[in-house]
Amino acid sequence: MIGISGVPAFLKSVLSAPAISALVGSGGTFWMPPQRSTFASEVDTLFYFIYWICVFFFMLILALAVGFLLKYRRRGEEIVVQKSAHHSTFLELIWSGIPLLLVLAIFVMGFRGYINMATPPAGAYEVQVTGQKWNWSFTYPNGYIDSELHVPSGEPVTLVMTSQDVIHSFFVPELRVKQDVVPGRYSRVWFETTEPFEGTVFCAEYCGTSHSEMQARFVAHDPAEFDRWMERAARWWEGMSPADIGATVYQKRGCQQCHSVDGMGGIGPTLQGVFGSRRTFADGSTGTVDENYIRQSMLEPRAKVVQGFDPVMPTFQGRLKEEEIAGIIAYMKSLSQ
Ligand code: CUA
């Protein structure tokens, strides 16, 4: 349906300039990224329907305003104040009826799309989504947790989403799917991609300092390739040293959003040179960073917050496997040698 397109011909010629078309992206328009889900054409049709109504009435009202400005401008002769015209039932019906029909059409299209999006088909592939400041994690049916969302292309996928802290919003522009992720409850959304592609999961609800960096890689695989990916991914740490496992967890699970490994400051303390050091906590007590302290800091992050930092780290209780916790500890030891 993108044939009716958001871009008039004269703009299209402008947009064909390489720099701008890079901005617009392949297959997308000036307003919209490429369509990559079964919802997309429906959403775009409604968007452009409203868009062209706005363009039409903007032009009409502007033209009438300018026209009347000229027609009734002061010409120097004496102003004769005329009696107001008698009201016209016919005119009033026209200017009430046309907007009513337009708004009803928008309602019907929007409501049908909403119902469709709110009703996942039975048997869809289900992924649990957790949002927290400021990363996403995705738990697959076999218990594997990743910071990237991988789905089989051409099959319905349902997301069951919740938040550990504040309201976030799951958004993948190419899918035209956006849904709030709320603490203390589960929200659902579903989609079916039309082709394999790589995109980005954005957070579309302002949730604090690193909101704009709360992103995750999105990959829609060819279905056969998806099974192979899952098999590899679920056994990712096999054959790796604990420190390498830790370095990978650090990258994959969003630790790097707040903790540097090069001594630089951040939202949380750097992990460099920390193992074995003495720390002063928010309540004035002190302690040595050992295995138990690191483990506790991941599972009960508010228990002993280092002085000078806000208690903003979310808990990873139930979201890290023992191998991953041991890996982080080994990785931090390696950063302190
Ligand atoms: Cu999470 Cu914005």
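The values are calculated or read from the model by the stated rules, or taken from the named source; none is laboratory data. Just so it is clear, the structure is predicted and the values come from calculations on it, not from any experiment. For neighbour counting, all protein chains shown are included, and Cβ atoms are generated from backbone atoms with ideal geometry for every residue, glycine included.
Gly263 fails exactly one of the following numbered conditions: (1) of a type outside the set (A, V, I, L, M); (2) under 27 Å from the mean Cα position of the chain (by Cα); (3) outside the structural domain of Thr130 (by TED's automatic domain parsing). What is the number of that condition?
Looking at each condition in turn, Gly263 falls short on (2).
Within region 185-209, track down each residue that is over 18 Å from Val127 (Cα atoms), within 16 Å of the ligand (Cβ to nearest atom) and surrounded by fewer than 17 Cβ atoms within 10 Å (Cβ to Cβ).
If the condition is that a residue be over 18 Å from Val127 (Cα atoms), within 16 Å of the ligand (Cβ to nearest atom) and surrounded by fewer than 17 Cβ atoms within 10 Å (Cβ to Cβ), then Tyr206, Gly208, Thr209 are the ones that fit.
Here is a list: Phe57, Phe90. Which entry is surrounded by 10 or more Cβ atoms within 10 Å (Cβ to Cβ) and free of Cβ contacts under 8 Å to residues at least 24 places away in the same chain?
Among Phe57, Phe90, only Phe57 is surrounded by 10 or more Cβ atoms within 10 Å (Cβ to Cβ) and free of Cβ contacts under 8 Å to residues at least 24 places away in the same chain.
Return yes when Leu62 is over 18 Å from Phe30 (Cβ atoms), assigned by TED's automatic domain parsing to the domain that holds Gly110 and surrounded by 10 or more Cβ atoms within 10 Å (Cβ to Cβ) and no when it is not.
When the stated conditions are applied, Leu62 passes them.
How many residues are surrounded by fewer than 18 Cβ atoms within 10 Å (Cβ to Cβ), within 16 Å of the ligand (Cβ to nearest atom) and in a strand (DSSP E or B) if we restrict to region 153-167?
1
Only one of Thr209, Thr200 is among the hydroxyl-bearing types (Ser, Thr, Tyr), within 21 Å of Tyr140 (Cβ to Cβ) and touching a residue at least 12 places away in the same chain (Cβ under 8 Å); which?
None of the other options fit; the residue is Thr200.
Considering only region 108-152, how many residues are within 16 Å of Gly254 (Cα to Cα), away from the ligand (no atom under 16 Å from the Cβ) and among the aliphatic types (A, V, I, L, M)?
So the answer is 1.
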